[in-house]
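Data first, discussion second: the structure below is written as structure tokens.
The values are calculated or read from the model by the stated rules, or taken from the named source; none is laboratory data. None of the values given here were measured: they were computed from a predicted structure. Here Cβ is always computed from backbone atoms with ideal geometry, including for glycine, and neighbour counts include all displayed protein chains. The protein model used for the area step is the full one, side chains on, heavy atoms only, and it has no ligands, DNA or RNA in it. Shrake-Rupley method; radii C 1.70, N 1.55, O 1.52, S 1.80 Å.
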Amino acid sequence: MEALGRWRADWRYPTALLCIYGFFSTVKPLEPFLTLYLTGPDKNLTTEQVNNQIFPVWTYSYLSVLVPVFLLTDWLRYKPVVVFQAATLLVTTATLLWLRSVAAMQAMQFFYGVVTASEVAYFSYIYSVVDPKRYRKATSYSRSVQLLGYTVGSVLGQLLLSLELMSFNGILVLTLALTAAALLASCLLPMPRRSMFFHRGAAAEGKGPQAEGLEEPGGGRRCSQTLLQLWRDFRQCYSSRRLLYWSVWWAMATCGYNQTTNYVQVLWEHVQPSQNFSMYNGGVEAVSNLLGAATAYGIGFTEVRWEQWGELALGGFSGLGAGALFLMTFTGSIWVCYTGYVVFKCLYMLLITIAMYQIAADLSMERYALVFGANNFGAVALQTVITSVVVDSGGLGLSIIPQFTVYASYFAVIAVVFSLRGLFTIWRSNKSHDATSAVKEEPPDSEEHRF
């Protein structure tokens with residue numbers, strides 16, 4: 001028992017439980033085939049209903065709960081929101097399995113939006129229970145295991161359907177069991193005694209009565225002071241032009257990426273109807289995840305002055321992403337469409353990794369969490385505007401080909417703007433370097449000859 005107690009007090013215990021939770025909650029074998037399932041005989045919905053009435057609900061749900069969940073996650077100290085996320089994911093899967101109507105599927109998308117917004121608890125929990133010197137390892141484990149879960153889920157779904165080992169409903173029952181395991185793991189997580197914003201006192205380390213006062217929840221004044229400090233930090237962070245430009249790209253690109261991944265299954269079904277072809281959506285998702293992770297990992301070994309060349313890279317690679325989207329939109333080959341998607345996803349993973357590094361370089365953990373949340377909110381707010389105008393049946397309600405034409409054009413605009421900005425940054429940097437060199441090379445006795 002003593003050995004068990006020592007292990008539970010070690011940083012590996014909460015990290016291991018969080019990784020178990022992260023793995024089981026992300027193994028979703030049906031996700032790459034969701035459109036196929038909804039438009040098939042099990043649900044018997046039309047492509048227009050799925051595209052224009054059901055999928056947009058996720059965006060609206062995500063936006064509506066993102067800020068409250070972000071604040072409550074810190075106020076409740078992470079674990080309750082992790083448990084809530086697992087329970088909501090269980091409700092989402094059960095709704096998808098047992099209900100059939102358009103309204104029920106819209107409710108399912110609402111719950112899934114809540115699940116997505118609650119991911120902030122998963123990514124933040126580990127920083128409240130491990131020492132700062134363990135942050136890098138713990139973060140690496142928790143993020144890697146999520147990628148492993150997504151990849152295993154995609155491959156598993158592809159194998160089960162291609163080999164006809166399970167029906168869609170059977171896969172959902174399996175997903176329910178995996179989600180129940182994730183819920184159990186979340187309940188076993190230790191309860192943190194501190195958080196980044198509302199409970200950043202040192203009571204957990206026993207540093208005196210003043211710290212204990214900070215941990216007491218009697219809160220109106222302390223809550224208002226914390227919110228005021230968050231606002232001050234927000235203004236100070238975004239007063240940096242470099243951080244602002246990178247954050248604008250982050251929000252715009254993440255918006256376009258989310259729109260593309262949300263509706264790409266509808267495009268695949270349009271290019272090659274599943275009645276005439278064995279779909280390989282799961283395999284494509286697995287390959288794109290692995291190549292995207294390898295690309296993001298490899299960028300860490302490149303020696304590039306991103307502060308000088310970064311904005312041009314954002315523009316150039318965004319242009320390649322736009323080209324991949326145009327190719328996906330207008331090709332008649334499903335394999336070309338699959339290839340374009342893999343290229344697009346790898347480019348986004350590459351650039352978002354660079355952006356995260358550049359933004360995090362000069363920020364504390366608390367301010368990075370604030371900027372991360374603000375950038376994601378900006379992305380979802382922009383995505384909501386695009387969804388309501390372009391996709392929603394209450395707006396233009398465009399079919400899938402015009403939709404993807406809009407998304408490709410959107411990335412083309414991003415490419416032009418950031419390429420021009422990048423060229424200006426390089427020109428200004430070179431001009432400044434030349435001026436500095438001229439001053440250094442000027443001989444000391446040349447003061448009288450300057451005119």
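When the helix-only estimate is applied to the chain (DSSP H runs of n ≥ 4, each -39,500 (n - 2.57), divided by the residue count), what is the mean residue ellipticity at 222 nm, nearest 500 deg cm²/dmol? Let's see the in-between values first.
Values: 17 runs with 331 residues, N = 451.
Helix-only estimate at 222 nm: -25000 deg cm²/dmol.
Residue 193 versus residue 165, label points 7 Å from Cα toward the beta carbon: distance in nm?
4.6 nm
Taking the chain on its own, what percent of its Cα-Cα pair distances exceed 32 Å?
On the way: 44393 of 101475 pairs.
Value for the chain: 44 percent of Cα pairs lie more than 32 Å apart.
Counting every Cα pair in segment 352-414, what percent are over 18 Å apart? Display every interim value, and only then the final one.
Details: 1013 of 1953 pairs.
Summing the P(r) of segment 352-414 above 18 Å gives 52 percent of all pairs.
Taking the Cα centre of segment 1-132 as origin, sum charge times position over the Cβ atoms of Lys and Arg (+1) and Asp and Glu (-1), and report the length of that vector in debye to the nearest 20.
Working: 8 positive and 8 negative charges, 41 e Å.
For this selection, approximately 200 debye.
Specify, per residue and in Å³, the volume enclosed by the convex hull of the alpha carbon atoms belonging to segment 98-202. Can you show the working numbers first?
Working: hull volume 13.1 nm³, N = 105.
Dividing the Cα hull volume of segment 98-202 by its residue count gives 125 Å³.
Starting from the 7 Å offset along Cα-to-Cβ, what nm value, one decimal, do you get for the label separation of residue 307 and residue 413?
According to this spin-label approximation, the distance is 3.2 nm.
Among 185, 332, 122, whose Cα sits farthest toward the positive end of the charge dipole of the chain (+1 at Cβ of Lys/Arg, -1 at Cβ of Asp/Glu, about the Cα centre)?
185
Once fully extended, how much extra length lies between residue 173 and residue 244, figured as 0.36 nm per residue of separation less the alpha-carbon to alpha-carbon distance? Intermediate results must be reported in sequence, preceding the final value.
Numbers: separation 71, 0.36 × 71 = 25.56 nm, distance 4.51 nm.
Separation in residues times 0.36 nm, less the Cα-Cα distance, equals 21.1 nm.
As a test question: what accessible area, to the nearest 10 Å², does residue 48 have when a 1.4 Å probe is rolled over all protein chains in place?
110 Å²
Using r as the Cβ-Cβ distance of residue 103 and residue 235, and R0 as 45 Å, what FRET efficiency do you calculate, to the nearest 0.05? Intermediate results must be reported in sequence, preceding the final value.
On the way: r = 42 Å, r/R0 = 0.94.
E between residue 103 and residue 235, to the nearest 0.05, is 0.60.
What is the mean projected area of the alpha carbon convex hull for segment 235-370, to one decimal in square nanometres? Let's see the in-between values first.
Numbers: hull surface 35.9 nm².
Hull-based average projected area comes out at 9.0 nm².
At a 10 angstrom cut-off on C-beta neighbours, averaged per residue, how do the peptides 240-248, 52-60 rank from highest to lowest?
Numbers: 240-248: 16.9, 52-60: 22.8.
Top of the packing list down: 52-60, 240-248.
Based only on the alpha carbon positions, what is the Kirkwood hydrodynamic radius of segment 24-117, in angstrom?
Details: mean 1/r = 0.0716 Å⁻¹.
Across segment 24-117, the inverse of the average 1/r is 14.0 Å.
Please get the size of the charge dipole for the chain, origin at its Cα centre, with Cβ charges of +1 on Lys and Arg and -1 on Asp and Glu, quoted in debye to the nearest 20.
Details: 31 positive and 28 negative charges, 175 e Å.
Charge dipole of the chain: 840 debye, to the nearest 20.
Please work out how many pairs of lysine residues in the chain are eight or more positions apart (or on different chains) and have Cα atoms closer than 22 angstrom.
Details: 28/43; 28/345; 79/133; 79/137; 133/207; 431/440.
So the count works out to 6.
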